[in-house]
Amino acid sequence: MKFFVDTADVAAIRELAELGMVDGVTTNPSLILKSGRDIVEVTREICAITDGPVSAEVVATEAAAMVAEGRRLAGIAPNIAIKLPLTWDGLKACKVLTGEGRMVNVTLCFSANQALLAAKAGATFISPFIGRLDDINLDGAGLIADIRTIYDNYGFRTQILAASIRTVNHVADVAKIGADIATVPPEIIRKLAHHPLTDAGLATFLKDWAKTGQKIL
Ligand code: E4P
């Protein structure tokens with residue numbers, strides 16, 4: 001499973017990229033707000049850090065205006081994936097922009113039927129928001145499983161990009177189901193390394209090592 005980083009924080013992306021953890025990046029208007037940066041400037045900087053797809057989201061709501069904004073965003077760098085909301089107009093814009101050979105990430109997906117429409121409109125990526133479904137007592141991981149089944153049934157090539165990942169368990173859950181990609185906030189990626197038994201085991205080894213009186217270097 002590929003890891004995209006769900007942030008517009010350039011320093012965090014750079015640190016994770018040095019560890020080989022960044023296969024791409026996703027941003028959205030809320031993450032741009034959080035960064036405090038200009039969308040074009042920050043997106044250009046992110047695109048220079050990774051060769052992977054970097055999602056930049058349109059804010060127009062009518063198809064023709066979405067297409068125009070999408071083309072503008074795609075001009076920032078060759079690895080831009082234009083992010084479009086899963087509305088009827090978003091699907092129309094998806095069809096146009098993918099027809100021009102551009103990468104499109106259809107976002108704000110909350111149902112299997114929406115994902116089916118996005119695949120038929122030629123989306124490169126579909127972003128089901130699992131955390132927001134779990135927030136209202138629905139089954140985010142179940143949605144990923146349903147989309148996996150539907151896409152595999154018919155050979156759709158749209159990649160499942162599990163989004164709105166809030167916990168370390170979400171990451172393992174979507175990996176087991178077979179999501180193509182998970183977009184994960186940097187702090188959750190760091191948490192994936194933690195295990196209390198690792199910490200306890202290391203403490204014991206270091207204590208015993210000190211008793212040997214030896215040095216490796
Ligand atoms: C990714 O594409 C989404 O913008 C993001 O994962 C949304 O996450 P949130 O529900 O935690 O805001």
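The values are calculated or read from the model by the stated rules, or taken from the named source; none is laboratory data. Given the structure is predicted, the values throughout are model-derived calculations rather than measurements. With ideal geometry, Cβ positions are generated from the backbone for all residues, glycine too; neighbour counts draw on all protein chains shown. Note: areas computed on protein heavy atoms with side chains; ligands, DNA, RNA excluded. Shrake-Rupley method; radii C 1.70, N 1.55, O 1.52, S 1.80 Å.
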Exercise for the section: Summarise the accessible area of the chain (1.4 Å probe, protein heavy atoms) by the percent that is carbon and sulfur. Expected result: 56
Practice task
Grab the Cα-Cα distance for residue 48 and residue 87, subtract it from 0.36 nm times how many residues apart they are, and report the gain in nm with one decimal.
Solution key: 11.0 nm
Handout entry: the chain: relative contact order in percent, alpha carbon pairs under 8 Å with at least 6 residues between
Key = 17
Problem - Theoretical gain in end-to-end length, residue 217 to residue 100 [0.36 nm per residue, Cα-Cα removed] - result: 36.3 nm
Exercise for the section: Send over a whole-number figure in Å² for the accessible area per residue of the chain, probe 1.4 Å. Expected result: 52
Handout entry: Of the DSSP H helices in the chain, those whose Cα atoms cover at least 24 Å axially and whose Kyte score averages -0.5 or more
Key = 196-212
Completion exercise
Stretched fully, the stretch from residue 38 through residue 199 gains (0.36 nm per residue minus C-alpha distance, one decimal, in nm) 53.9 nm
Fill in the blank from the handout: Quick calc, residue 11 & residue 135: beta-carbon distance into FRET formula, R0 35 Å, rounding 0.05, result 0.80
Fill in the blank from the handout: Computed curve, the chain, Cα-only Debye sum without solvent term, log₁₀ I(q)/I(0) at 0.08, 0.12, 0.14, 0.17 Å⁻¹, is -0.32, -0.63, -0.82, -1.15
Completion exercise
Of the listed links 2/120; 2/92; 34/92; 176/215; 120/191, those spanning more than 31 angstrom between alpha carbons are 176/215; 120/191
Handout entry: Heavy atoms of residue 71: accessible area, 1.4 Å probe, square angstrom to 10
Key = 110
Exercise for the section: Highest first, please rank the peptides 89-95, 148-154 by the mean number of other Cβ atoms sitting within 10 Å of their residues. Expected result: 89-95, 148-154
